[in-house]
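J.: One structure, as structure tokens, below. Some questions next.
The values are calculated or read from the model by the stated rules, or taken from the named source; none is laboratory data. Please read these numbers as outputs of a predicted model, since none were measured by experiment. Cβ placement follows ideal geometry from the backbone for every residue including glycine, while neighbour counts extend to all protein chains displayed. Surface accessibility is based on the protein's heavy atoms, side chains included, excluding ligands, DNA and RNA. Shrake-Rupley method; radii C 1.70, N 1.55, O 1.52, S 1.80 Å.
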Amino acid sequence: MACLALLAVALTAQVLSSIVRERPFASMLTFGNADIQLSITTHNQNGDEVSAEDGQEIPVGTVPLDRRVSATNTGSQPLWVRVRLAFMAEAGDKEWDIAELSDFSVNTDAWVQRGEWFYLLDPLEAGETSPVLIDGLTVDTAAAAQQYGSHSYRLSAHASAVQCKNNANTVLEAEGWPE
């Protein structure tokens with residue numbers, strides 16, 4: 001009888017042990033919402049900052065463009081933010097990233113580049129707008145036209161963000177970036 005009782009206890013312990021080992025636990029939790037909005041602006045003739053509109057004619061040559069890129073946290077949580085920039089040449093349904101022919105004037109006091117991404121060094125609080133990432137760019141449209149033909153051009157910006165609470169001490173250590 002004692003052997004059967006001991007066997008029953010051992011089997012019960014094994015079953016409970018299996019149940020505990022098979023339960024997955026999430027290591028990252030998100031509370032509230034995380035949302036970010038990018039803005040690309042320029043200055044009008046009066047010097048006021050306005051949204052940059054498509055259709056600006058760009059002369060041929062090495063051309064400076066007045067463009068400012070910043071991010072606004074429209075969610076409810078502080079966020080780590082990163083932004084990827086591209087300067088695109090477009091012809092019909094084809095487009096080329098001509099970033100190699102472009103030079104972005106980056107705000108290195110607030111942003112750092114790692115690979116193709118620019119990372120905002122400080123967390124972006126809810127409702128806050130980041131310091132500008134770039135405040136201008138220069139593009140060699142003559143070289144672009146020579147390599148790719150005649151085109152229209154546009155600045156493209158893509159942002160991603162992750163919650164900064166309980167997610168690393170710096171943006172470069174943060175985990176969970178979307179691919």
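J.: Modelling each spin label as a point 7 Å along the Cα-to-Cβ direction, I'd like the Arg84/Ala2 distance in nm, to one decimal.
T.: It is 6.9 nm.
J.: Counting only heavy atoms of protein chains, what accessible area per residue, in Å², does segment 25-168 have with a probe of 1.4 Å? Write out the running numbers ahead of the final one.
T.: Working: 8100 Å² over 144 residues.
Accessible surface, normalised per residue, equals 56 Å².
J.: Residue-wise, which Karplus ³J(HN,Hα) couplings in Hz belong to segment 173-178, taking 6.51 cos²θ - 1.76 cosθ + 1.60, θ = phi - 60°, and x for glycine or proline?
T.: 9, 4, 10, x, 4, x
J.: Another one. Report the charge-dipole magnitude of segment 49-106 in Debye, nearest 20, computed about the Cα centre from +1 at each Lys and Arg Cβ and -1 at each Asp and Glu Cβ.
T.: 380 debye
J.: Distance in nm between label sites at Glu100 and Thr129, each 7 Å beyond Cα in the beta-carbon direction?
T.: My value for the distance between the label points is 3.5 nm.
J.: Further question on the same structure: Largest first, how would Thr108, Thr42 line up by accessible area (1.4 Å probe)?
T.: On the way: Thr108 105, Thr42 25 Å².
Final ranking, largest accessible area leading: Thr108, Thr42.
J.: Find out how many positive minus negative residues lie around Glu116, taking Lys and Arg as positive, Asp and Glu as negative, among other residues whose Cβ is under 15 Å from that of Glu116.
T.: On the way: positive: Arg82, Arg84, Arg114; negative: Asp97, Glu100, Glu179.
Taking every other residue near Glu116 into account, the sum is 0.
J.: Can you work out D for segment 98-152 in µm² s⁻¹ from Stokes-Einstein, where Rh is the Kirkwood radius over C-alpha pairs, the temperature is 25 °C and the viscosity is 0.890 mPa s? The partial results should precede the final answer.
T.: On the way: Rh = 13.3 Å.
So the translational diffusion coefficient is about 185 µm²/s.
J.: Report, in debye and to the nearest 20, how large the dipole of segment 72-179 comes out about its Cα centre when Lys and Arg carry +1 and Asp and Glu carry -1 on their Cβ.
T.: Details: 6 positive and 16 negative charges, 29 e Å.
Once rounded to the nearest 20, the dipole reads 140 debye.
J.: Turning to a different aspect of this structure: Distance in nm between label sites at Tyr148 and Val50, each 7 Å beyond Cα in the beta-carbon direction?
T.: It works out to 2.6 nm between the two label points.
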